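**Student:** One structure follows; several queries about it will come next.
Values quoted throughout were computed directly from the atomic coordinates according to the rules given, and no laboratory measurement underlies them. The shown structure was predicted, so the numbers you read here are calculated from the model rather than taken from an experiment. Neighbour counts are summed over all protein chains in view; Cβ atoms, including those assigned to glycine, are modelled from backbone coordinates with ideal geometry.
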Amino acid sequence: MSASPHGYSTAVDKRWVTRGALVAVVFILLGAAVYVFGQFRPFGDESIDRSQPAMLKAVRDLSQYHAAAGEFQVVLDIENDVKWVPAALAGERTLFVAAGAVNAYVDFGSLAEDGLVLSADGKTVELRLPQPQLDKPNLHHDRSYVYSQKRGLIDDFRALVETPDQQRFYIAAEAKLAEAAKESEILQRAEDNTRVMLTGMLQALGFQVKVVPD
């Protein structure tokens, strides 16, 4: 057995080298096994859903006929400035793309009172349609997003430690969508669709229909 210049035998050195090589091989094999398991998952995944079943809390009768629906998109340009402070230091300007739907409906609740008047001979129905109304906008969150945003230095630091609040953009977007729906033809379309539907149904029952503007 030969000795090294430092007094250690070469056999000991070889033994430590062999152990180191074995440890390296073991780590390589473990890494390969983890990679293969992660890529192919031979035993499959298991997802356990322990959620409670949904509970019915309330039931209410509806008398609304949804006669038309419109899809809208709007780009909000909202700027928040801080007085007497340069925009490079404080302030924020955001372009927010919002998409959503607005339904136009007719409430048939009033038809039971004076909306349907049968003539004395029972052959003609006088139909008075209620005015259509707009439902609350239904914002599509999966298609609404911040397109671009510029902040001052102070607001940039604040964004690093605070969770971004997009609720104000959603509220502003709903207002814009409702405004766009009012200016569109959706209300007229709902009125026409409702008149055609009720007229066709009554005529199929053998009545003549006279539509009276509300």
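**Student:** Going by average Cβ density within 10 Å per residue, which order do the peptides 96-105, 176-185, 118-127, 190-199 take, highest to lowest?
**Tutor:** 96-105, 190-199, 176-185, 118-127
**Student:** 5 Å is the cut-off here: which amide hydrogens, built 1.01 Å from N in the peptide plane, fall below it relative to Thr124, excluding neighbours closer than 5 in sequence?
**Tutor:** Those lying under 5 Å, H to H, from Thr124 are Ser119, Gln208.
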